[in-house]
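S.K.: Mind looking over this structure? Questions follow.
The values are calculated or read from the model by the stated rules, or taken from the named source; none is laboratory data. Computed from a prediction, not measured in an experiment: that's the story for all the values here. Glycine gets a Cβ as well: all are built from the backbone with ideal geometry, and neighbour counts include every protein chain shown.
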Amino acid sequence: MLGGCFAVPVHESTVDSTLSATTATMTVGRTDRAEVRQVLGVPILASEYWGFDLFRISDWSGGLIVFVYVPIPVGGKVNGYVLVSYESSGKVAAYNTAIRESFGDVRINAGQIGFTFESSGDQSAVSANASRRDEYLDTQQGSDRCTVIGGCVQFYCPTKLVMDGDKPLSLPQTQRWLAPLSLTPGPHRLEIPPNPYNTFHAFTEFSCAAGELVYATIETHEMDVSADGRRRIHWKAQLAGSIGLSRDRPELFREQPMLIWADGTWLVPQEPGR
């Protein structure tokens with residue numbers, strides 16, 4: 001039977017070679033945005049204010065495994081990502097690449113910008129590092145709106161936030177994040193809704209003034225340990241917790257990147273002033 005098992009290649013992805021060829025044309029500090037786009041095409045996500053372009057190159061790789069004369073198809077789609085960040089002059093400041101096959105996550109950084117893709121929830125997100133985050137938040141303290149900035153104490157974060165009963169905002173679940181939400185001054189309600197995977201549900205109510213920054217600290221803990229210290233088996237992860245509020249930035253958030261785009265939504269202005 002083992003003698004009847006062999007592989008037949010059908011198509012090999014060219015994403016790897018394409019990424020190498022295209023990025024070889026870029027030189028940090030010399031190549032400008034127009035030249036990058038001339039080679040890589042139209043970005044799938046971009047912002048001049050935040051200074052980045054995100055490109056995706058797609059192909060597929062596949063073949064057949066013949067087992068006892070039965071062909072079994074294997075392989076799937078292959079996506080290559082190129083993240084390019086720019087200086088204020090428009091020249092390339094940094095770039096990075098990643099390849100994702102049928103399954104797997106992507107996590108890359110280029111300069112002050114990061115990009116992640118989580119296969120578990122088919123979730124993409126773009127973040128700004130702490131330095132770029134603070135530059136933006138400083139500008140909000142003089143605005144006519146207030147900003148609530150949610151973040152988790154633990155590595156695991158609930159995946160959805162609901163503000164004032166609006167549509168849930170889906171966020172990455174395998175990384176710590178800070179999520180800024182721009183609001184009109186006045187009373188608000190921030191909620192983490194129930195979900196199919198765990199029992200955590202929390203909410204808090206607060207009021208904010210124009211130009212004010214409010215930090216919402218999300219903390220969770222496990223409840224699935226019995227009095228004798230043994231774990232019990234549940235269909236859902238047994239989590240409880242709370243959302244704490246502060247006008248001062250918690251020390252834990254000092255170096256935390258801030259999400260600027262997630263779930264197909266800009267959490268911050270894509271091009272402020274336009």
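Results for (1) in the same structural domain as Arg107 (by TED's automatic domain parsing); (2) over 24 Å from Ala125 (Cα atoms); (3) crowded, with 18+ Cβ neighbours inside 10 Å; (4) modelled with pLDDT of 95 or more, shown as yes or no for each residue.
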residue	(1), (2), (3), (4)
Val10	yes, yes, no, no
Val15	yes, no, yes, no
Glu35	yes, yes, no, yes
Gln38	yes, yes, no, yes
Leu54	yes, no, yes, yes
Gly63	yes, yes, no, no
Ile72	yes, yes, no, no
Gly76	yes, no, no, no
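S.K.: Can I ask one more? So for segment 157-167 (the condition being in contact (Cβ under 8 Å) with a residue 60 or more places away in the chain and surrounded by fewer than 19 Cβ atoms within 10 Å (Cβ to Cβ)), does at least one residue qualify? Outline the logic, then answer.
M.R.: We begin by selecting, within segment 157-167, every residue in contact (Cβ under 8 Å) with a residue 60 or more places away in the chain; these are 157-158.
Pick out the ones that are also surrounded by fewer than 19 Cβ atoms within 10 Å (Cβ to Cβ) and you get none.
Checking segment 157-167: not a single residue is in contact (Cβ under 8 Å) with a residue 60 or more places away in the chain and surrounded by fewer than 19 Cβ atoms within 10 Å (Cβ to Cβ).
S.K.: Would you mention how many residues in segment 237-264 are in contact with a Lys or Arg (Cβ under 9 Å, 6 or more places away or on another chain), in a strand (DSSP E or B) and modelled with pLDDT under 95?
M.R.: Adding up the residues that qualify gives 0.
S.K.: Mind listing whichever residues of segment 86-134 are polar (S, T, N, Q), within 14 Å of the chain's Cα centre (by Cα) and part of a strand (DSSP E or B)?
M.R.: Hits for segment 86-134 are Asn109, Thr116, Gln123, Ser124, Ser127.
S.K.: Same structure, new question: For Arg274, state whether it is at pLDDT 75 or above and over 23 Å from Asp105 (Cβ atoms).
M.R.: On the way: at pLDDT 75 or above: no; over 23 Å from Asp105 (Cβ atoms): yes.
Answer is no for this residue.
S.K.: Something else: Report whether or not Gln154 is within 13 Å of the chain's Cα centre (by Cα) and in a loop (DSSP other than H, G, I, E, B).
M.R.: Numbers: within 13 Å of the chain's Cα centre (by Cα): no; in a loop (DSSP other than H, G, I, E, B): yes.
Taking the combined requirement at face value, the residue does not satisfy it.
S.K.: List pairs: first in segment 90-105 and more than 19 Å from Ala125 (Cβ to Cβ) and in the same structural domain as Ile57 (by TED's automatic domain parsing), second outside any loop (DSSP other than H, G, I, E, B) and modelled with pLDDT of 90 or more, Cβ under 7 Å, 6+ apart or cross-chain?
M.R.: Pairs found: Gly90/Asp32; Gly90/Arg33; Lys91/Asp32; Val92/Val36; Val92/Val84; Val92/Tyr86; Ala93/Ser85; Ala93/Tyr86.
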